[in-house]
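Student: This structure is in structure tokens; I'll ask about it shortly.
The values are calculated or read from the model by the stated rules, or taken from the named source; none is laboratory data. Treat the numbers as computed from the prediction; the structure is a model and nothing was measured. Ideal geometry is used to build each Cβ from the backbone, glycine not excepted, and the neighbour counts take in all protein chains shown. Areas reflect the complete protein model, heavy atoms only, side chains present, ligands, DNA and RNA absent. Shrake-Rupley method; radii C 1.70, N 1.55, O 1.52, S 1.80 Å.
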Amino acid sequence: MTTIVLVASLVLAVVAGAYTALDRLVDDRLLLVAAVVELLLVVQAVVACVVAGQVRTPGEGPTMAAYAVTRPRVPPALAYLAIKEKSRWAMGAVLGGALVVAVMTLRIQQIWTVHA
């Protein structure tokens, strides 16, 4: 599941990067990719919160749950920003946010792999 979320967020980053380079505004294609990422993040948040209790190192379980609960808030905020801000920099923000989601996903995987 982590690999799927990671690939989806990187696809969003590539699409946003292409839109930034081409000076394109948000369209349905980008919003569809963001919606897929959002759906995957919500599913993974539920799973991560359930398994966070199995993390043996003190403090790492709540950290994992916090990452999992925070990530689903990023794509809707970025989509809203991209719709409201009609500039190339809105796509740059979407690119940055997609990379943040990817990094947070890797951190969740690291916590689960090392401490579970």
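Student: Pop out the carbon and sulfur fraction of the accessible area of the chain as a percent, whole number, probe 1.4 Å.
Tutor: 71 percent
Student: Starting from the Cα of LEU25, step 7 Å toward the Cβ, then list every residue of the range 80-106 with an amide N under 17 Å from that point.
Tutor: The answer is 80-94.
Student: With a 1.4 Å probe and all protein chains left in place, how much accessible area per residue does the range 14-80 have, in Å²?
Tutor: 56 Å²
Student: Per-residue ellipticity at 222 nm for the chain, helices alone: DSSP H runs ≥ 4 residues times -39500 (n - 2.57), over residue total, nearest 500 deg cm²/dmol?
Tutor: Calculated from helices alone, the mean residue ellipticity at 222 nm is -28000 deg cm²/dmol.
Student: Hand me the trypsin sites (Lys or Arg not before Pro) from the range 7-116 located in a DSSP loop with no more than 13 other Cβ atoms within 10 Å, in residue order please.
Tutor: When the trypsin sites (Lys or Arg not before Pro) of the range 7-116 are filtered for loop state and at most 13 Cβ neighbours within 10 Å, ARG56, LYS86 remain.
Student: Between [x] 77; [y] 97; [z] 311, which matches volume of the Cα convex hull per residue in Å³ calculated for the structure shown?
Tutor: It is the value labelled [x].
Student: Helix 28-51 versus the longest principal axis of the chain: what angle, 0 to 90°, nearest 10, using Cα atoms?
Tutor: So the helix axis and the longest Cα principal axis differ by about 10 degrees.
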